[in-house]
Amino acid sequence: MSRVHLVGGEKGGVGKSVVARVLAQWFVDHDVPFAAIDADRSHGVLVRSYGEYTQAVDLGANESADQILDRALGAERRVLVDLPGQSARALETWLSDADILRFASEMGVAFTYWHVVDGGYASVSELDRALGFFGHQVQHVLVKNFGRGNDFGALDQSEPKRHLDELNGRVVEIPALQTSSMYAIDHGGLSFWAAIHVAEGAHTLGPLDRQRVRLWLDRCYAAVDSVADMV
């Protein structure tokens, strides 16, 4: 079965592109066929970091957004979509316009939505809205991104979290990476593989930073492995 992975969270700055890149590198390292879709036209992090796998789309234009599902049809692969902040309306319009989720199910394509949150009020509210829209039509993974927040107490006690549990959603945690290391990776447009293994060049990391990224990525992989049935 093919599967579309939507990496979202309406609030900007919660670390959606970090999670998308972790999944991209997980697919690469596990020899899982995939295509990446970068819907964030302002930043284009996936295009910069994983360009050989990635194409850009405009969620506001159906003929462009259709590439998300088109890449999943006809071949067993994963399609990874990095959604920008403030994109819920455009995404939901595209999904509703042609009843995409029902059609995808009929064609043997499943969807997983990765809800990336920082624990703040805005991201909890977005989780509530997204769960209400998608319901049982997709599988849900709540991603606590400790790189952008460290207090998830309000989320854990919230009504959206109870709704997530009712939908058999799962929870994973992405640990924080040292800020200077992540900045160097982002500034250089590096894949996580390049950040760990490339020792020469204008944007390379030092030996200890490469070790920190290696250990961090191992912990991220453990989180992804814990929900491998949804991947």
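Observations
- Among the residues of region 196-227, those identified as of a type in the set (G, A, S) and either touching a Phe, Trp or Tyr at 6+ places or on another chain (Cβ under 9 Å) or assigned to a helix (DSSP H, G or I) (or both) are A222, A223.
- Qualifying residue in region 69-84 (condition: in a helix (DSSP H, G or I) and surrounded by 14 or more Cβ atoms within 10 Å (Cβ to Cβ)): yes
- For A195, the conditions (1) crowded, with 20+ Cβ neighbours inside 10 Å; (2) within 29 Å of L91 (Cβ to Cβ); (3) free of Cβ contacts under 8 Å to residues at least 24 places away in the same chain are fulfilled apart from (2).
- Exactly one residue among N168, N145 is among the polar types (S, T, N, Q), closer than 26 Å to D229 by Cβ and surrounded by 15 or more Cβ atoms within 10 Å (Cβ to Cβ), and that residue is N145.
- Taking region 32-55 as the range and being closer than 14 Å to Q67 by Cβ and assigned to a helix (DSSP H, G or I) as the test, the residues that pass are L46, V47, Y53.
- Condition met for D186 (modelled with pLDDT under 95, under 20 Å from the mean Cα position of the chain (by Cα) and closer than 24 Å to H5 by Cβ): yes
- Cβ pairs under 6 Å, 6+ apart, first in region 111-138 and without any contact (Cβ under 8 Å) to a residue 60 or more places away in the chain and assigned to a loop (DSSP other than H, G, I, E, B), second surrounded by fewer than 22 Cβ atoms within 10 Å (Cβ to Cβ) and not basic (K, R): G119/G149; G119/D151
- On inspection, G153 fails the criterion of being in contact (Cβ under 8 Å) with a residue 12 or more places away in the chain, surrounded by fewer than 22 Cβ atoms within 10 Å (Cβ to Cβ), within 18 Å of G85 (Cα to Cα) and not β-branched (V, I, T).
- Checking each residue in region 191-204 for being among the hydrophobic types (A, V, I, L, M, F, W, C) and modelled with pLDDT under 95 picks out V198, A199, A202.
- Condition met for W216 (under 19 Å from the mean Cα position of the chain (by Cα), under 25 Å from R78 (Cβ atoms), of a type in the set (F, W, Y) and crowded, with 19+ Cβ neighbours inside 10 Å): yes
- L155 under 22 Å from V231 (Cβ atoms), among the aliphatic types (A, V, I, L, M), modelled with pLDDT of 95 or more and in a helix (DSSP H, G or I): no
- Counting the residues of region 198-213 that are loosely packed, with under 13 Cβ neighbours inside 10 Å and either among the aliphatic types (A, V, I, L, M) or in contact (Cβ under 8 Å) with a residue 40 or more places away in the chain (or both) gives 3.
- Residue in region 181-196 that is among the acidic types (D, E) and within 22 Å of G44 (Cβ to Cβ) present: yes
- Counting only residues that are under 13 Å from Q25 (Cβ atoms) and either assigned to a helix (DSSP H, G or I) or among the aliphatic types (A, V, I, L, M) (or both), region 178-195 holds 6 of them.
- When region 6-31 is filtered for residues that are outside any helix (DSSP H, G or I) and buried (at least 22 other Cβ atoms within 10 Å of the Cβ), the ones remaining, listed by number, are L6, V7, G8, G9, E10, V14, G15.
The values are calculated or read from the model by the stated rules, or taken from the named source; none is laboratory data. Computed from a predicted structure; not experimentally measured. With ideal geometry, Cβ positions are generated from the backbone for all residues, glycine too; neighbour counts draw on all protein chains shown.
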